[in-house]
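Quick notes on the structure that follows.
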Amino acid sequence: MSSAAVAVASNASTTASIQAHIDREIDGLLASLPEPAALSAAERRGILARYTAVLEGNFIYWMTGAYLSAGSDEARAKIIDNLREEVRDCHPGMLRRFTIAADAVPTGDDAQDVYPNLMKVRLFIGRLSPVPTIVTMAFFEGFIQRFMPYLADLARRQGSNEMEYTDVHGICDITHTQELYQALDAEIALSPALPADEMFEGVGLLRRLIENIVVAN
Ligand SMILES: [Fe+2]
């Protein structure tokens, strides 16, 4: 095997082990979600509101951080496709319609509940470290896609039938997640090996933020 082929095989196995780690994080998060039927209407509204407070104004911003951090044309091309879809199809507007229909528009208190953990993710993204940022966004996309049935269930229990946001993100984020792993492959080829705590720092911060969406404090 040529040295180039060895390098490709090694990148692919690094990406596969990162993906396995992320999948375990997502499985753990989903398993920790409270049963929607066991929640009060106020608790369901709070989850919908805090989710919106985090996602509406930050998802495109953080994906832009991933774009700015990327050093390879291949990764940039994958991420820009994702951003184009977000902007062209106005995903923040789609989320806002979903939240209005569920009567769960975030209040100042909802935003304040997630503020400290949100800031930690913002500052992490601001470091623009290519591999850890793309790992974090792959975790985010993968989680969002698998979280959609739960979010839709909460909204339905709040009396809403407006499901465009959850329908679209339950499907399009499958492709987005795969594309982020392809972007990750390209970035790993350009980066020195990283210790696990550095590689998954953003995943840990984002996981705490998501746990904070589910439980206010
Ligand atoms: Fe989106």
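The values are calculated or read from the model by the stated rules, or taken from the named source; none is laboratory data. Nothing here was measured: the structure is a model prediction, and the numbers come from that model. Cβ coordinates were reconstructed from backbone atoms using ideal geometry, including for glycine residues, and neighbour counts include every protein chain displayed. Surface areas here come from the heavy atoms of the whole protein model, side chains and all, with no ligands, DNA or RNA. Shrake-Rupley method; radii C 1.70, N 1.55, O 1.52, S 1.80 Å.
Whenever a residue of the range 105-122 is over 20 Å from Thr133 (Cβ atoms), its partners that are open to solvent by 60 Å² or more (accessible area, probe 1.4 Å) and part of a loop (DSSP other than H, G, I, E, B), lying with C-beta atoms within less than 7 angstrom and at least six residues away or across chains, give the pairs Asp113/Asn217.
Scanning the range 166-187 for any residue that is more than 16 Å from the ligand (Cβ to nearest atom), under 24 Å from Gly28 (Cβ atoms) and open to solvent by 30 Å² or more (accessible area, probe 1.4 Å) turns up nothing. Screening Asp197 on (1) surrounded by fewer than 21 Cβ atoms within 10 Å (Cβ to Cβ); (2) in contact (Cβ under 8 Å) with a residue 24 or more places away in the chain shows it passes everything except condition (2). Take Phe124 and tell me if it is within 16 Å of the ligand (Cβ to nearest atom) and out of contact with any strand residue (DSSP E or B) (no Cβ under 9 Å at 6 or more places or on another chain). It is false that Phe124 is within 16 Å of the ligand (Cβ to nearest atom) and out of contact with any strand residue (DSSP E or B) (no Cβ under 9 Å at 6 or more places or on another chain). Yes or no: the range 76-98 includes at least one residue that is among the polar types (S, T, N, Q) and in contact with a His (Cβ under 9 Å, 6 or more places away or on another chain). The answer is yes, given that some residue of the range 76-98 is among the polar types (S, T, N, Q) and in contact with a His (Cβ under 9 Å, 6 or more places away or on another chain).
Annotation: of all residues in the range 55-78 being more than 13 Å from the ligand (Cβ to nearest atom) and among the aliphatic types (A, V, I, L, M), the one that is nearest to Ser191 (Cα to Cα) is Ala70. If you go through the range 79-103 and pick out every residue that is within 16 Å of the ligand (Cβ to nearest atom) and either without any contact (Cβ under 8 Å) to a residue 40 or more places away in the chain or at positive phi (or both), you end up with 9.
Of Ser160, Ser191, which residue is surrounded by fewer than 21 Cβ atoms within 10 Å (Cβ to Cβ) and farther than 19 Å from Gln19 by Cβ? Residue meeting the stated conditions: Ser160. The requirement of being of a type in the set (Lys, Arg) and either closer than 22 Å to Ala77 by Cα or within 16 Å of the ligand (Cβ to nearest atom) (or both) is not satisfied by Arg156. When you look at Glu211, is it more than 16 Å from the ligand (Cβ to nearest atom), among the acidic types (Asp, Glu) and part of a helix (DSSP H, G or I), yes or no? Criteria met by Glu211.
Does any residue of the range 160-175 turn out to be in contact with a Leu (Cβ under 6 Å, 6 or more places away or on another chain) and in a helix (DSSP H, G or I)? Yes, the range 160-175 contains a residue that is in contact with a Leu (Cβ under 6 Å, 6 or more places away or on another chain) and in a helix (DSSP H, G or I).
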